[in-house]
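Just so it is clear, none of the values below were taken in a lab; they were calculated from the coordinates. Everything numeric here is computed off the predicted structure, so don't read it as measured data. With ideal geometry, Cβ positions are generated from the backbone for all residues, glycine too; neighbour counts draw on all protein chains shown.
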């Protein structure tokens, strides 16, 4: 999977406006634009193949890929948590500088934390997941997710599971949207009960009719 990075000069555009977005308006955004046939909760299927980059990441960091969260209930979202989620998404998008794995490491795929301040979409996703976990959010509710962009490019984001729906943290935008409000074709994500397993995402054709496979 080739990962998408965005130009650094787009990182701060509209930052203050996005951080000021009201909690209620963000959660109600799903109702105003989503298809009646879609759900704010991302439906998943059976266990599927692990992305090669994550497989190699797990070989280097086996302890991170053998966690089995005990509480599988979605995050009970409130304004404080929402503000923390939005802040982490925006902050990581700002301080991590976009670079491809090929330029960074000399290989096509290398999942890692952006401890040197650089990375591509998986680096952004791993860092957001780590920072939100340190704030007390369960890894059952912070799931790295593989998607396909409208142009066919592969991409990785974080799905935040909440009792109000599944929301997407993306290095291509500072806006935190319900998954149905993004233009992506969703392929697979980490399992809620095992950080080393991945499951298929079941997406209705009506939701992705305009997305090229």
task: Give the order of 54, 68 when sorted by the count of other beta carbons within 10 angstrom, beginning with the fewest.
output: 68, 54
field: Diffusion coefficient, µm² s⁻¹, Stokes-Einstein with Kirkwood Rh over alpha-carbon pairs of the stretch 39-117 at 4 °C and 1.567 mPa s
entry: 80 µm²/s
query: Taking the simple approach of a point 7 Å from Cα along Cα-to-Cβ for both residue 116 and residue 83, what is their distance in nm?
result: 3.7 nm
- request: Could you work out the relative contact order of the stretch 77-199, using alpha carbon pairs under 8 angstrom and six or more residues apart, expressed as a whole percent?
  value: 21 percent
message: What distance in nm separates the two pseudo spin-label positions at residue 107 and residue 76, each 7 Å out from Cα along the beta-carbon direction?
response: 4.3 nm
query: For the stretch 82-173, with equal point scatterers placed on the C-alpha atoms only and solvent neglected, what are the log10 I(q)/I(0) values from the Debye formula at q = 0.12, 0.22 1/Å, to two decimals?
result: -0.35, -1.12
task: Would you give the gap between the C-alpha center of the stretch 134-169 and the C-alpha center of the stretch 97-112, rounded to a whole Å?
output: 21 Å
Modelled FRET efficiency - R0 35 Å, residue 151 with residue 63, Cβ distances, 0.05 increments: 0.45
